[in-house]
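Visitor: A single structure is presented below for examination.
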Amino acid sequence: MSLGKKDIIDNISTKAHISSISSKSLFEYFLRHIIFNTDNKIVKISRFGSFQKYTSPQRVGRNPKTKERFLITKRDKIKFTPSNNIRSILN
């Protein structure tokens, strides 16, 4: 099972008893805060996990339908590492 942004926003809205517009703005604010602060350091949330920025290298990709090769540029990404508490819940 995978959760999308809409699913997370709906869960926040239901469990916190707030409107979906408020939960969407809350979630967007959280994501912006994480993205902004990972530029220069690791963002750690106690008993949840940590977010860290990394750069994926340039690589060659391939369209599976046409078999055409193309170059994928290097990109900045955010990596999430769950805490031991979250790992024990998931396993």
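The values are calculated or read from the model by the stated rules, or taken from the named source; none is laboratory data. Not measured: the values here are computed from a predicted model. Positions of Cβ are backbone-derived with ideal geometry, glycine not excepted, and every protein chain shown enters the neighbour counts.
Visitor: Regarding region 20-27, can at least one residue be identified that is within 14 Å of the chain's Cα centre (by Cα) and not assigned by TED's automatic domain parsing to the domain that holds I86?
Guide: Checking region 20-27: at least one residue is within 14 Å of the chain's Cα centre (by Cα) and not assigned by TED's automatic domain parsing to the domain that holds I86.
Visitor: Taking interchain pairs and intrachain pairs at least six residues apart, which have beta carbon atoms under 8 angstrom, with the first residue in region 66-91 and touching a residue at least 40 places away in the same chain (Cβ under 8 Å) and the second surrounded by 10 or more Cβ atoms within 10 Å (Cβ to Cβ) and assigned to a helix (DSSP H, G or I)?
Guide: I78/I34; I78/I35
Visitor: Then there is this: If you go through region 1-16, how many residues are loosely packed, with under 12 Cβ neighbours inside 10 Å and assigned to a helix (DSSP H, G or I)?
Guide: 6
Visitor: Looking at I35, I42 in this structure, which one is at pLDDT below 95 and under 19 Å from N85 (Cβ atoms)?
Guide: I42
Visitor: Within region 22-36, is even one residue exposed (fewer than 13 other Cβ atoms within 10 Å of the Cβ) and within 21 Å of I89 (Cα to Cα)?
Guide: Within region 22-36 (the criterion being exposed (fewer than 13 other Cβ atoms within 10 Å of the Cβ) and within 21 Å of I89 (Cα to Cα)), the answer is no, since none of the residues qualifies.
Visitor: Give me the strands (runs of 3 or more DSSP E) completely within region 17-85, filtered to those with at least 1 residues that are in contact with a helix residue (DSSP H, G or I) (Cβ under 7 Å, 6 or more places away or on another chain), ordered by residue number.
Guide: Result: 43-45, 49-56, 75-82.
Visitor: Search region 35-58 for residues that are acidic (D, E) and pair each with any residue that is surrounded by 13 or more Cβ atoms within 10 Å (Cβ to Cβ) when their beta-carbon atoms are under 7 Å apart and the residues are at least 6 apart or on different chains.
Guide: Pairs that qualify, where the first residue is acidic (D, E) and the partner is surrounded by 13 or more Cβ atoms within 10 Å (Cβ to Cβ), are D39/K53.
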